[in-house]
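Just so you know, all these numbers are worked out from the coordinates, no wet-lab data involved. Since the structure is predicted, the reported quantities are computational estimates derived from the model, not experimental observations. Backbone-built Cβ (ideal geometry, glycine too); neighbour counts: all protein chains shown.
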Amino acid sequence: MVRGEPDVFEKQKKWDALAHEWDRWVTEQRRRRLETRDKSIPELKDFYVGRSVLVTGGTGFVGKVVIEKLLRSVPGLKAIYAIVRTKKNQSPEERMNKILDLDVSTILLI
């Protein structure tokens, strides 16, 4: 160690303390946001119960994730309608079946 330079362990302690303070601050901000959240705005799962949803671009990257999120988070969803076009000589039915055959974890990793 060169004279005048802080010890590596001292630097690590400072970074750990800073990270701990950051975590406390983030936790406090989340708590405050939850306390002050407008209760008249329903949660996603409550808003869509008994409703139908129309999704365009459901076979794309974001569309797959949106459909998965709705299926996972809203058990009372009435229906999901997806507008799917023919692409690369695949019919809309073939494209949708290909997506529906995917495992949920595969959809999230695409």
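When the Gaussian network model of the chain links Cα atoms closer than 10 Å, the mean-square fluctuations of 85, 33, 51 top out at 33.
For the chain, the longest principal axis of the Cα atoms and the long axis of helix 8-36 meet at an angle of about 50 degrees. Pairs of Lys residues in the chain are counted when their Cα atoms are under 15 angstrom apart and they lie 8 or more places apart or on different chains; the count is 6. Between residue 53 and residue 27, the C-beta separation translates, for a Förster distance of 35 Å, into a calculated FRET efficiency of about 0.55.
The base-10 log of I(q)/I(0) for the range 44-109, evaluated at q = 0.12, 0.15, 0.20, 0.23 Å⁻¹, reads -0.31, -0.48, -0.81, -1.01 [Debye formula, identical scatterers on Cα atoms, solvent excluded].
Labels on offer are [x] 19.7, 61; [y] 23.6, 72; [z] 24.7, 89, and the one holding Rg and Dmax of the Cα atoms in Å computed from this structure is [y].
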